[in-house]
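What follows is a set of notes on a single structure, which appears directly below.
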Amino acid sequence: MSPRLPKPARAVLAAAALWLCAGATAQAATLSVTVLAKDGQPLSDAVVIVEPANPGNKARLAPVQAEIQQEKLQFSPKVSVLPLGSRVVFSNLDRYDHHVRGLPAGLAGLNASPDSGFALMLPARVEGKPPASATETLNQAGPMQLGCHLHGSMRGSIYVADSPWVVKTNEQGVATVVDLPEGAAQVRLWSPQQMVEQPATPVTIGPSTTLQVPTTIRQPRRRS
Ligand SMILES: [Cu+2]
């Protein structure tokens, strides 16, 4: 037998339950976006940015501490999506130097002042010692391109997100964006592979919505 609550307490509980349900309905929508490359195959590591028409009081994501390693002449992860204000530790695991640079990607990068972005000298790893590392704080929202002054083939990206609704696609080309308000929204895309800015796709978000976005973006050449 459950203990009987006095009437006023029951009323409060019922009201609280109603309020929770209402809150859940307003903020529990999920949008699953499949991004296709020019060849019709799923495009991984594309960044999906959902912009609701009525974002409400969207909570900005708390900054995090992340790591991007340099190993075998590659950035790992190759593409990171991180909240604005996050700190990134760059660690060089290779037995040779890297001179990592970060710049705003695309037009923003072309127009950026020479002192924008960052450059980090990371000496070669020495056997038995921890790898050289340096930390950068991400103070500017949007895509950043990573490279190395010493190795032209090294390419990576960071998408600095100023909303909680920015997710990169997985190996299946799918980005699942949660906790969205229902209603009209725009879906924008960014990919390190893109040659031009991608057009936005309008969508009406219900409790659980799927969307397929074909693009003219070419698949990256796979390194074996
Ligand atoms: Cu390098």
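The values are calculated or read from the model by the stated rules, or taken from the named source; none is laboratory data. All figures in this text were calculated on a predicted structure; none of them were measured in a lab. With ideal geometry, Cβ positions are generated from the backbone for all residues, glycine too; neighbour counts draw on all protein chains shown. Calculation scope for accessible area: heavy atoms of the full protein, side chains included, ligands and nucleic acids excluded. Shrake-Rupley method; radii C 1.70, N 1.55, O 1.52, S 1.80 Å.
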Toy charge model, Lys and Arg Cβ at +1, Asp and Glu Cβ at -1: segment 61-162 dipole around Cα centroid in debye, rounded to 20, equals 180
If we sort 149-158, 166-175, 200-209 on the protection proxy, mean other Cβ atoms within 10 Å, highest first, what's the order? 166-175, 149-158, 200-209
Please compute the per residue accessible area over segment 61-162 with all protein chains in place, 1.4 Å probe, rounded to a whole number of Å². 52
Please compute the alpha carbon radius of gyration of segment 61-162, then divide it by the globular-protein estimate 2.2 N^0.38 Å. Two decimals is fine. 1.03
With +1 on each Lys and Arg Cβ and -1 on each Asp and Glu Cβ, how big is the dipole of segment 112-175 about its Cα centre, in debye rounded to the nearest 20? 160
Given a 1.4 angstrom probe, what's the average accessible area per residue across segment 177-224, in square angstrom? 68
Carbon + sulfur, % of accessible area of segment 61-162 - ligands and nucleic acids excluded, 1.4 Å: 52
Selection from G152, A132, A62, by position along the positive dipole direction of segment 61-162 (Cβ): G152
